[in-house]
Each structure stands twice: as C-alpha cells, then as structure tokens.
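K.L.:
Following this message is one structure expressed as structure tokens.
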Amino acid sequence: MTALPGPSRPRTGSGRLPLAKRTTPLSLRRLNRWQAESLREDLADLYAESCATPPGWEHRGRKDFLRRLTHDTWRPGFTMLTAQAPGLVGYAFGFPIARDGSWWTGFRGPLPQHIAQLTTSGQVFAISGTVVRPSERYHGLADRLQEHLLADHRALLGATLVDRTHRAACAGFRSRGWHDIGLLYRPPGPTVLRALVLPLAERTAAEPGDLAHPARVQ
C-alpha cells in the first residue's frame, strides 16, 4: 500500500538523501479509525495521484486501496497521521503488532531473535501505509509521519511489508534507514513481500532543512 518512489537524487556524505527546504507551514493531525473512514475518498484520491498505476488499472488500484484501508482500520490500536500544507499532502497509518507474532506468519526462515523478543514485549509497530504527494517527497515528510507514529506508540522497532516486485519502494525505505530482513509469503495468491524494520535507536536527528517549518501535531 506504500506509495513512495526510490531515491533519484545524490546522497549526502552521511548516506542520507538531502532534504529540500519547505516553503509552506505543515501541520500533522492524528486520526482514529472513525475519522480515517470519514476521509476515505480524499485518502484514496491522494493514493491514486501518488501511486504509479498501469493505464487501465486505476479503478482497481483505488478499490484495492480502500479495501485494505478498511481492513486495517479495524485492527486494535490503529492510528493514522495526516499532513496538511494546507491541503492533504500525505499520511501514514499503522497498528501495534500483536504479541503472539501472527503478523510475521509466512516469514521465510527463522525470525531474527531480537525481533521476536520485541514482538513478544509489544514494542513493534507496523507501518501499514505511507502515501506522500510527489511534490512533497523530498521534504522528509515520509520520515516525519512514520517517526511520529512510532513515537506515539513508544515503539522500539518499526516494521513494514513491501511487495518484492516494487523495487523503487524497497530502495526508498532502505535509503531512509530501514533494514531488509527477508521475505514473507502472504496468501491468497503468490504475493511475496519484503519485510523491513526500522530500529528507532539508529535514527539520527532531522536535518535542519526538515525543521525550517516545524510540524504541529493535533
């Protein structure tokens, strides 16, 4: 469900992509499942605008997005964070991974021990979707949305699943510090997903350009 491109700009000496300075103020708003459902058409519009969909598949892509969103909103602990500048320019949503580890069902091979331990202790939060308007992708908005969600839930580890064939999205996550830990198979169908995790302790402070207009969380 993630609609993010791979990196296309030169990296900085630290290995991170340089951030463009914002020219408009940004505000963040936290939504529960009911509020997210009330905005479903706006959310789907931005998804369709931001996601590279083959010609003729736009309607199906939008329908699949709404179906997955509805499913996720009913997961315990679901939270969405939207960004306005002033209109909707991005959002991210997710939920705490259940302590029983069922979210990792289908993982190929043994799950790394430290990830299994963090899951059992309830300290892993799944980022189920991140959508950012193309014009906002180099303002560090995806990072900010995801990190706010993780901080809100006091998670020590972020986790997400990306279709293995979406190489640009996988590369985009890795360029922002996510670690590829292996493959996961999810029925129905032959879908093979890449499991990526983000250890919070490894995140560095935001670069100055990202804080030119501090976000206000409501």
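K.L.:
Filter segment 127-140 down to the residues that are over 14 Å from Phe93 (Cβ atoms) and either of a type outside the set (Ser, Thr, Tyr) or not in a loop (DSSP other than H, G, I, E, B) (or both), then identify the one that is modelled with the lowest pLDDT.
P.N.:
If we filter segment 127-140 for residues that are over 14 Å from Phe93 (Cβ atoms), which is where we start, we get 133-140.
Subsequent filtering for residues that are either of a type outside the set (Ser, Thr, Tyr) or not in a loop (DSSP other than H, G, I, E, B) (or both) retains 133-137, 139-140.
Numbers: Arg133: 90, Pro134: 85, Ser135: 81, Glu136: 81, Arg137: 73, His139: 76, Gly140: 84.
Across segment 127-140, the extreme among qualifying residues is Arg137.
K.L.:
Sort out which residues of segment 142-164 are touching a strand residue (DSSP E or B) at 6+ places or on another chain (Cβ under 8 Å) and either under 17 Å from Gly90 (Cα atoms) or outside any strand (DSSP E or B) (or both), and write them in order of number.
P.N.:
Taking segment 142-164 first, the residues touching a strand residue (DSSP E or B) at 6+ places or on another chain (Cβ under 8 Å) are 142, 144-146, 148-150, 152-153, 155-164.
Scanning segment 142-164 gives Ala142, Arg144, Leu145, Gln146, His148, Leu149, Leu150, Asp152, His153, Ala155, Leu156, Arg164.
K.L.:
Provide a single number: the residues in segment 71-108 that are in contact with a strand residue (DSSP E or B) (Cβ under 6 Å, 6 or more places away or on another chain) and surrounded by fewer than 15 Cβ atoms within 10 Å (Cβ to Cβ).
P.N.:
2
K.L.:
Moving on to the next point. Taking Pro25 as meeting all but one of (1) more than 14 Å from Leu141 (Cα to Cα); (2) modelled with pLDDT of 75 or more; (3) loosely packed, with under 15 Cβ neighbours inside 10 Å, write down the number of the exception.
P.N.:
Every listed condition holds for Pro25 apart from (1).
K.L.:
Give the residue that is surrounded by the most Cβ atoms within 10 Å (Cβ to Cβ), with candidates limited to residues of segment 177-191 that are modelled with pLDDT of 85 or more and not hydrophobic (A, V, I, L, M, F, W, C). Explain how you work it out, then say what you get.
P.N.:
Initial filter on segment 177-191 (modelled with pLDDT of 85 or more): 177-185.
Filter again for not hydrophobic (A, V, I, L, M, F, W, C), leaving 177, 179-180, 182, 185.
Details: Gly177: 17, His179: 15, Asp180: 13, Gly182: 14, Tyr185: 13.
Per the stated criteria, the residue is Gly177.
K.L.:
Looking at (1) modelled with pLDDT of 90 or more; (2) surrounded by fewer than 18 Cβ atoms within 10 Å (Cβ to Cβ), find the lone condition where Thr165 falls short.
P.N.:
Among (1) modelled with pLDDT of 90 or more; (2) surrounded by fewer than 18 Cβ atoms within 10 Å (Cβ to Cβ), the lone unmet condition for Thr165 is (1).
K.L.:
Taking the condition of being among the hydrophobic types (A, V, I, L, M, F, W, C) and more than 13 Å from the chain's Cα centre (by Cα), how many residues in segment 126-156 meet it?
P.N.:
Taking segment 126-156 first, the residues among the hydrophobic types (A, V, I, L, M, F, W, C) are 126-127, 131-132, 141-142, 145, 149-151, 155-156.
In the following step, the residues that additionally are more than 13 Å from the chain's Cα centre (by Cα) were identified as 151, 155-156.
Residues meeting the conditions: 3.
K.L.:
If you don't mind, there's one more thing I want to ask. I'd like the full set of residues that are of a type outside the set (Asp, Glu) and buried (at least 17 other Cβ atoms within 10 Å of the Cβ), limited to segment 139-152.
P.N.:
If we filter segment 139-152 for residues that are of a type outside the set (Asp, Glu), which is where we start, we get 139-142, 144-146, 148-151.
Correct list: His139, Gly140, Leu141, Ala142, Arg144, Leu145, Gln146, His148, Leu149, Leu150.
K.L.:
If you scan segment 116-125, which residues turn out to be of a type outside the set (Ser, Thr, Tyr) and buried (at least 22 other Cβ atoms within 10 Å of the Cβ)?
P.N.:
Just the residues of segment 116-125 that are of a type outside the set (Ser, Thr, Tyr), to begin with: 116-118, 122-125.
Val124, Phe125, listed by residue number.
The values are calculated or read from the model by the stated rules, or taken from the named source; none is laboratory data. Here the structure is a predicted model, which is why all the values come from computation and not from measurement. Reconstructed Cβ throughout: ideal geometry from the backbone, glycine too, with neighbour counts over all protein chains shown.
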